[in-house]
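Below: the structure, in structure tokens.
What follows draws every value from the coordinates through simple rules; no lab data is involved. For clarity, every value in this text was computed on a predicted model and none was experimentally measured. Heads up, the Cβs are rebuilt from the backbone with ideal geometry, glycines too, and the neighbour counts pull from every protein chain shown.
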Amino acid sequence: MINGKSVLAIIPARGGSKEIVGKNKKLFGKKPLIAWTIEEAKKSDYIDNIIVSTDSNEIADIAIKYGAKAPFLRPRKYAKNKSTAKEVILHALNWFEKNSNTFDYFVYLQPTSPFRKTIHIDESIKQLCSQTIASSIVSVRKVKDHPYWMKIIAKKGYLKNYTDDSDSYSNRQQLPKFYTVNGAIYISTWKVFIKDESFYKKKCLAYLMEETSSHDLDTMTDWHYAEYILSRVKV
């Protein structure tokens, strides 16, 4: 708990995966990928309950082995390639409401961010709970490819600037700061998300993370690079 408020961690981990086959149970280092997120969530000073939302009995067993709970199996309609995070979250929140066990906040932690640490989780929870205006917080990192320097391919294959501001900046130091959501941490008040079904309709804070901690595993190239980081960097 934090300031008398309860916090639920939701970790989504369906059995299927289009780009990395079986990625949530695939060994990363010496343990399943999902275990990295469960173990960091368990060390949080503020999280009261950790659940894994999965459609797989095997992943549910892995989750329980590493200290999370798997109180339900996610319906197949919410475990497809095109299923959205919003659908997964609302299914979990509604399950708890039907079972008369709600929380003040929830933290949504995707297993594809294995370098996200407990300190990131707890700092973002504290940042959100230390004020009363914003109802959510989402982790971000600085962009690698700045949109002001991006191009589009126009008719006949000609390159054009993505934005009219492109020619106003001759070096990277002059560029305005841009950030992108890194997929590592999403936190919201329970009641607001149930009502708005979004992290962004009300005031949403940003929690800035550095590049290595932000590394997200979507493709096998991402996976191989993450293994390189794991072998070379203390994380």
Task: Cα gyration tensor category, rounded, prolate or oblate, for the chain with a/c compared to 1.5 - done: prolate
- [ ] Quick one: angle between helix 33-42 and the longest Cα principal axis of the chain, in degrees between 0 and 90, rounded to 10, please.
- [x] 70
Task: Exposure proxy order (Cβ contacts within 10 Å, fewest to most) of 180, 54 - done: 180, 54
TODO: Output the antiparallel fraction of DSSP beta bridges having both residues in the chain, as a percent to the nearest 5.
DONE: 50
TODO: Once you've got the GNM for the chain with C-alpha springs shorter than 10 Å, pick whichever of 121, 59, 20 has the biggest mean-square fluctuation.
DONE: 20
Task: Flagged links, alpha-carbon separation over 21 Å, of 30/117; 82/151; 42/126; 25/65; 65/86; 26/69 - done: 82/151; 65/86
- [ ] Starting with the fewest neighbours, write out 10, 187 ranked by other beta-carbon atoms found within 10 Å of each beta-carbon.
- [x] 10, 187
Task: Separation between Cα centres of the range 45-99 and the range 136-207, rounded to whole Å - done: 29
- [ ] Quote the relative contact order of the chain in percent (integer), defining contacts as alpha-carbon pairs under 8 Å separated by 6+ residues.
- [x] 23
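Which value at 222 nm does the chain reach when only helices count, each DSSP H run of 4 or more adding -39,500 (n - 2.57), with the total divided by all residues and rounded to the nearest 500 deg cm²/dmol?
That comes out to -8500 deg cm²/dmol.
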TODO: Report the charge-dipole magnitude of the range 1-158 in Debye, nearest 20, computed about the Cα centre from +1 at each Lys and Arg Cβ and -1 at each Asp and Glu Cβ.
DONE: 920
